[in-house]
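Notes for the one structure printed next.
Just so it is clear, none of the values below were taken in a lab; they were calculated from the coordinates. Every value quoted in this text rests on a predicted model; they were computed, and no experiment measured them. Positions of Cβ are generated from backbone atoms using ideal geometry, with glycine treated the same way; all protein chains shown enter the neighbour counts.
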Amino acid sequence: MSRPLSATTSPDVPAGALVLVPVGSLEQHGPHLPLDTDAVIAEAVARCVADRLGRREVLVAPPIVYAASGEHQMFPGTASIGSAALSHLLIELTRSMRTWARDVVFVNAHGGNSTALTRGVNRLVAEGHSVGWVPCVTDGADAHAGRTETSLMLHLRPAEVRLDRAEAGNTSPVAELLPALVAGGVGAVSPNGVLGDPAGASPALGEHLLNLMADRVTALVRDGTPDERGKLRRASAPVP
Ligand SMILES: [Zn+2]
């Protein structure tokens with residue numbers, strides 16, 4: 001069983017702790033998924049990783065929910081602190097945790113946080129901290145509130161998924177949409193806020209995807225070293 005940092009007493013914090021910090025967002029996820037979808041996914045992956053590592057010194061911190069979601073700001077409910085503030089938060093949090101923890105790893109489920117993670121973790125590595133970050137990704141995942149995230153949420157929080165409202169958004173590859181997305185935000189390319197298509201989502205697929213993500217993150221936490229972006233990579237098997 002994974003150990004939550006929040007429920008641990010100070011004397012019970014193990015020596016040589018490895019802290020997994022889920023990083024999510026509070027942003028629109030289409031008409032059918034809750035705003036904290038990324039935080040729910042990041043925390044679930046972190047818990048699975050802690051279980052797989054199976055060491056008592058692994059702790060799962062409460063998720064960082066306020067993050068960098070400027071590209072979703074035109075949709076109500078989105079609550080973002082931006083990349084600069086998030087980067088600063090990651091830096092101060094790590095400096096604090098590292099007074100008692102041996103390692104800190106950020107488990108990120110929102111692509112928009114990559115800039116802040118890269119900046120923050122880079123700075124921390126330069127300061128000599130043992131820290132890295134890993135994305136929650138699988139091959140073939142769609143971008144936002146589509147089949148991947150809808151399946152994960154049907155597995156993790158089924159009561160919060162409004163399947164009757166699920167509808168396809170813009171299904172073009174994100175790389176193609178990027179210029180318009182950067183210029184005008186998600187609303188400019190997808191009026192309903194979905195990048196992908198939730199059709200075909202299921203709890204079973206969600207469980208499968210969660211396991212794939214957890215396997216990948218576990219391998220990186222176990223054997224990875226930070227690259228120039230602070231992202232953990234295995235020397236022998238680069239990941240995207
Ligand atoms: Zn998301």
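Each of Asp38, Asp139, Asp197 has some number of other Cβ atoms within 10 Å of its Cβ, and from fewest to most they run Asp139, Asp197, Asp38.
Computed over the stretch 33-89, the P(r) tail beyond 19 angstrom holds 42 percent of alpha carbon pairs. Taking the square roots of 5 times each eigenvalue of the Cα gyration tensor of the stretch 74-209, largest first, gives ellipsoid semi-axes of 31, 19, 13 Å. In summary, the stretch 135-189 shows an alpha-carbon radius of gyration equal to 1.27 times the 2.2 N^0.38 Å reference for compact globular proteins. A full extension of the chain between Ala204 and Arg222 corresponds to an added length of 3.8 nm, given 0.36 nm per residue minus the alpha carbon distance.
Report summary: the helix-based calculation at 222 nm, which adds -39500 (n - 2.57) for every DSSP H run with n ≥ 4 and divides by the residues of the chain, gives -12000 deg cm²/dmol. Stokes-Einstein diffusion coefficient for the stretch 152-240 at 37 °C in a medium of 0.692 mPa s, Rh from the Kirkwood formula over Cα pairs: what value in µm²/s? Taking Rh from Cα pairs, D becomes 208 µm²/s.
Bridges between two residues of the chain, per DSSP, are antiparallel at a rate of about 15%. Between the stretch 59-84 and the stretch 190-207, what's the alpha-carbon centroid distance in Å? Between the Cα centre of the stretch 59-84 and that of the stretch 190-207, the gap is 20 Å. Going by neighbour counts of Cβ atoms within 10 Å, the residues Ser80, Ser96 line up, fewest first, as Ser96, Ser80.
Among Thr138, Thr37, sorting on how many other beta-carbon atoms sit within 10 Å of each Cβ, with the fewest leading, yields Thr138, Thr37. Need one word for the stretch 167-218: rounded, prolate or oblate. Basis is the Cα gyration tensor (sqrt eigenvalues a ≥ b ≥ c); a/c below 1.5 gives rounded, then a/b vs b/c decides. Judged from the Cα gyration tensor, the stretch 167-218 comes out oblate (a/c at least 1.5, b/c at or above a/b). For a modelled paramagnetic label at Ala15, 7 Å from Cα along Cα-to-Cβ, the residues of the stretch 97-129 in reach, with backbone nitrogen under 20 Å, are 97-104.
Based on the Stokes-Einstein relation at 37 °C and a viscosity of 0.692 mPa s, and on the Kirkwood radius from alpha carbon pairs, the stretch 62-116 is assigned a translational diffusion coefficient of 270 µm²/s. Using θ = phi - 60° in the Karplus curve 6.51 cos²θ - 1.76 cosθ + 1.60, the 3J(HN,Hα) couplings for the stretch 20-28 round to 9, 10, x, 10, x, 6, 10, 8, 3 Hz; x is entered for Gly and Pro. Which of the DSSP-defined H helices in the chain satisfy a minimum axial length of 27 Å, computed from C-alpha atoms, and a minimum mean Kyte-Doolittle hydropathy of -1.0? TM-like helix candidates: 203-223.
Where the alpha-carbon atoms of the chain are placed on the principal axes, they occupy 49, 36, 36 Å, in descending order. With a cut-off of 13 Å on the backbone N, no residue of the stretch 107-148 is near the modelled label site 7 Å out from Gln73 along Cα-Cβ. Here each label is just a point 7 Å from Cα along the line to Cβ, and for Ala180 and Thr8 those points are 4.7 nm apart.
Rounded, prolate or oblate for the stretch 16-159? Axes are the square roots of the Cα gyration tensor eigenvalues, ordered a ≥ b ≥ c, and the cut-off for rounded is a/c under 1.5. Because a/c hits 1.5 or more and a/b fails to exceed b/c, the stretch 16-159 counts as oblate.
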